[in-house]
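Working notes, structure below.
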Amino acid sequence: MISGGVNLKDCNPLYFENVVLGQELPVVHKGPLTTAHIMRWSSAVENWHRIHYDAPFAQNNDGLPDVILSGSAKQQFLIEMLNLWVGETGWVWKFQLEHRSLTLPGDILSTWGIAKSKVAYSKVGIVLCEIGIKDQNQQEVCLGGATVVLPFKNGMQVPYPFDPGALGLQ
């Protein structure tokens, strides 16, 4: 798997004022995925369903073409993209995702994201993003949205741990 390999401490901080509507988020590429990648992820998160490591079982019992990548792995790829974008100064607050197609060995996945709207609050800014993953055929594998919290250039840091109630957000 291709890894981002980016140290967030080496990135320029992202501030609310710097976000432009329509701005594209950094792309994270994964793959080509192998059965070993799929099985390792499933093992790491203790998802022991056989469709993630036993091809004959997946084919004969569930009618699948092969083992399939767990949805939680795809969620993690998108969180990785969002974290690369917001860096150490921002916070991924909300996340929703719809899985639209299976991911099989040999697939290559690429995340995508677009800043769609911004709202400035008194202490922090909120950015709503459209996010997703496409495969090597440009088929939409996942589609969803995320809400991130960013500091203002001359404002306070986004508190850690993030408590939206303390900032008057809900």
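Readers should treat all values here as calculations from the given coordinates under stated rules, not as data from a laboratory. It should be emphasised that the depicted structure is a prediction, and the values quoted were computed from it without experimental measurement. A quick note on method: Cβ atoms are made from the backbone with ideal geometry, for glycine too, and the neighbour counts reach across all protein chains shown.
Hydrophobic, long helices, defined as DSSP H runs whose alpha-carbon span along the helix axis is 15 Å or greater and whose mean Kyte-Doolittle value is at least -0.5, occur in the chain at 71-86.
For the range 152-160, 3J(HN,Hα) computed residue by residue from phi via the Karplus equation (6.51, -1.76, 1.60; θ = phi - 60°) reads 7, 3, 10, x, 6, 6, 5, x, 10 Hz, glycine and proline entered as x.
Inter-part distance, the range 8-48 to the range 69-83, computed on C-alpha centroids, equals 6 Å. Among residues other than Tyr53 with Cβ under 14 Å from its Cβ, the summed charge is -2 (Lys and Arg +1, Asp and Glu -1).
Backbone phi angles across the range 15-21, fed through the Karplus curve with coefficients 6.51, -1.76 and 1.60 (θ = phi - 60°), yield HN-Hα couplings of 10, 3, 5, 7, 7, 10, 4 Hz in residue order; Gly and Pro are listed as x. Using Cα springs under 10 Å in a Gaussian network model of the chain, which residue among Leu150, Leu78, Leu64 shows the largest mean-square fluctuation? Of Leu150, Leu78, Leu64, the Gaussian network model singles out Leu64 as fluctuating most. Computed from label points 7 Å out along Cα-Cβ, the spacing between Thr35 and Val20 is 4.7 nm.
In the range 1-126, one over the average inverse separation of all distinct C-alpha pairs is 16.5 Å, which is the Kirkwood hydrodynamic radius. Note on the range 14-60: Cα-Cα pairs beyond 18 Å make up 54% of the total pair count. Basic side chains Lys and Arg get +1 at the Cβ, acidic Asp and Glu get -1 at the Cβ, and with that the dipole of the chain about its Cα centre reaches some 380 debye.
Across the chain, the mean sequence separation of Cα contacts (distance under 8 Å, 6 or more residues apart), normalised by length, yields a relative contact order of 26 percent. Please report the net charge: other residues with Cβ closer than 12 Å to the Cβ of Trp112, K and R +1, D and E -1. With Lys, Arg at +1 and Asp, Glu at -1, the net is -3.
Modelling each spin label as a point 7 Å along the Cα-to-Cβ direction, I'd like the Leu64/Gln157 distance in nm, to one decimal. For the pair Leu64/Gln157, the computed spacing is 4.2 nm.
The fraction of Cα-Cα pairs per 10 angstrom bin, counted from 0 for the range 80-146, comes to 19, 46, 26, 8, 1 percent, rounded to whole percents.
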